[in-house]
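Here's the structure we're looking at; comments come further down.
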Amino acid sequence: MAEHPAYPVGLRLTGRRTVVLGGGQVAQRRLPALIAAGADILLVSPSATPSVEAMADSGELVWERRRYAEGDLEGAWYALIATSDKAANRTASAEAERGRIWCVRADDADAATALTPATGRSEGVTVAVLTTEVHDRDPRRTAAIRDILVEALGDGTLAVPSVGVRPDEAPRVRPVALVGGGPGDPDLITVRGRRLLAEADVVIADRLGPRDLLAELPPHVEVIDAAKIPYGRYMAQEAINQALIEHARQGKAVVRLKGGDPFVFGRGMEEAQALTAEGLPYTVVPGISSSISVPGAAGIPVTHRGVAHEFTVVSGHMAPEDDRSLVDWAALARLRGTLVILMGVDKIGRIARALVAHGRAPDTPVALIQEGTTAAQRRVDATLATVGETVRTAEVRPPAVIVVGEVVEVGDTAPAAPGTLT
């Protein structure tokens, strides 16, 4: 059997009897995939690792605490032999051969009737790698190839092109992806977000999204600028919603690329509701919020032992005295933790006065981090008493994250600049 390469095949084991002999490390690695496949699993072993025992305790498999006995494989569709008893392994393998049961031998692949490939998953696709060289079965090599393929599929390096439809077919509606692009550094988008970008037909992008990623898109991808520039040009939210709907109805792969996280001051839910109202599916890809990542990139922890046990994120796009504001500034002033203010550069003077008026100390440290995580990042420090004037004299411009609290003075060393190799 070992003279010819294995024939690759996928087994549907849902509800089908599968027998695993041995409860050690091999079983611990292989059992999760068998459980995920819906197999009806019998484990025969006098002992098991704690993880395998937990699978039995949770009802994911049946465990008989004893050694293998001939006849245990009766009725099985698939068997995994992974005991430390070589004689028992040979006997079980012979039983599998007689019963025409596909059998994996952990101790002797050449004597097995089936081989376990190195497998990985990426968004509904299973990658399985088997070596075709029968005399060079190096599991490290197949695992390395598997890892390269899964990573490439996951981060979009290996993009799956869109599949067109025949003229007589109706467009297949795909879920619109509401993708959080992170705080600005293109390396901080999630793996899934990057992959969906690589597969997109249409990208509707915000100004605060990671712009460098747009340069990586293939020429056929339509990029729609949905920038919302403060007091400047912008695409109305209703127009954005309509663009999402129209392109999705055409069967295109649509990505709504937003800065930070789609649901943190990002109107992501408004877009989701608009899609739902039209009967269109959507998926949400969370992003790293600038409220925690930008302070971190500037060397500021939003919480720190003995300094701050809480942090609050608030929008500063409306002044405290504005009747439309939903923020309880008086309550925020009474808190002892960290206050992170987004979209508040032009209102920070009035915000600081409101916080002081309601009890926050005037000398409370404040840090403003402009264009955080990008090559243009800069940090400006002040206090509540001086921040209004500091913003003016230092010419701080949006986008900037404002951090109020003692944590501003915790860090005594600056992190590496964004994009620096360490």
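The values are calculated or read from the model by the stated rules, or taken from the named source; none is laboratory data. The model shown is predicted, which means the values in this text are computed figures rather than measured ones. Cβ placement follows ideal geometry from the backbone for every residue including glycine, while neighbour counts extend to all protein chains displayed.
Considered as a group, the residues in the stretch 389-404 that are out of contact with any Pro (no Cβ under 7 Å at 6 or more places or on another chain) and outside any loop (DSSP other than H, G, I, E, B) include one that is nearest to residue 356 (Cα to Cα), and that residue is 404. Based on this model, can you work out whether residue 87 counts as crowded, with 19+ Cβ neighbours inside 10 Å and over 41 Å from the mean Cα position of the chain (by Cα)? Considered against the rule, which asks whether it is crowded, with 19+ Cβ neighbours inside 10 Å and over 41 Å from the mean Cα position of the chain (by Cα), residue 87 comes out as no.
Scan the stretch 327-376 for residues that are out of contact with any Lys or Arg (no Cβ under 8 Å at 6 or more places or on another chain), surrounded by fewer than 20 Cβ atoms within 10 Å (Cβ to Cβ) and at positive phi and jot them down. Within the stretch 327-376, just 343 meets the criteria. The one condition from (1) more than 15 Å from residue 366 (Cβ to Cβ); (2) assigned to a loop (DSSP other than H, G, I, E, B); (3) within 32 Å of the chain's Cα centre (by Cα) that residue 323 does not meet is (3). Scanning the stretch 365-388 for residues that are touching a residue at least 24 places away in the same chain (Cβ under 8 Å) and either assigned to a loop (DSSP other than H, G, I, E, B) or closer than 11 Å to residue 348 by Cα (or both) turns up 366, 368, 371, 372, 373, 374, 375, 377, 384, 385, 387, 388. When 78, 68 are checked against the criterion of being crowded, with 21+ Cβ neighbours inside 10 Å and within 38 Å of the chain's Cα centre (by Cα), a single residue qualifies: 78. On the basis of being outside the structural domain of residue 131 (by TED's automatic domain parsing), in contact (Cβ under 8 Å) with a residue 40 or more places away in the chain, surrounded by 13 or more Cβ atoms within 10 Å (Cβ to Cβ) and aliphatic (A, V, I, L, M), does residue 73 make the cut? It is true that residue 73 is outside the structural domain of residue 131 (by TED's automatic domain parsing), in contact (Cβ under 8 Å) with a residue 40 or more places away in the chain, surrounded by 13 or more Cβ atoms within 10 Å (Cβ to Cβ) and aliphatic (A, V, I, L, M).
Among the numbered conditions (1) closer than 29 Å to residue 103 by Cα; (2) modelled with pLDDT under 80, the only one that residue 162 does not meet is (1). The set of residues in the stretch 326-354 being over 17 Å from residue 381 (Cβ atoms), touching a strand residue (DSSP E or B) at 6+ places or on another chain (Cβ under 7 Å) and in a helix (DSSP H, G or I) consists of 332 alone. For the stretch 11-22, the criterion of being without any contact (Cβ under 8 Å) to a residue 24 or more places away in the chain and either surrounded by fewer than 16 Cβ atoms within 10 Å (Cβ to Cβ) or touching a Cys at 6+ places or on another chain (Cβ under 6 Å) (or both) is met by no residue. If the condition is being of a type in the set (Val, Ile, Thr) and in a loop (DSSP other than H, G, I, E, B), then the stretch 196-223 contributes only 221. Looking across the stretch 110-127, the residues that are modelled with pLDDT under 85 and either farther than 24 Å from residue 22 by Cβ or small (Gly, Ala, Ser) (or both) come down to 118, 120, 121, 122, 123, 124, 125, 126, 127.
Determine whether residue 187 is closer than 25 Å to residue 151 by Cα, of a type outside the set (Gly, Ala, Ser) and modelled with pLDDT of 85 or more. Yes: the conditions hold for residue 187.
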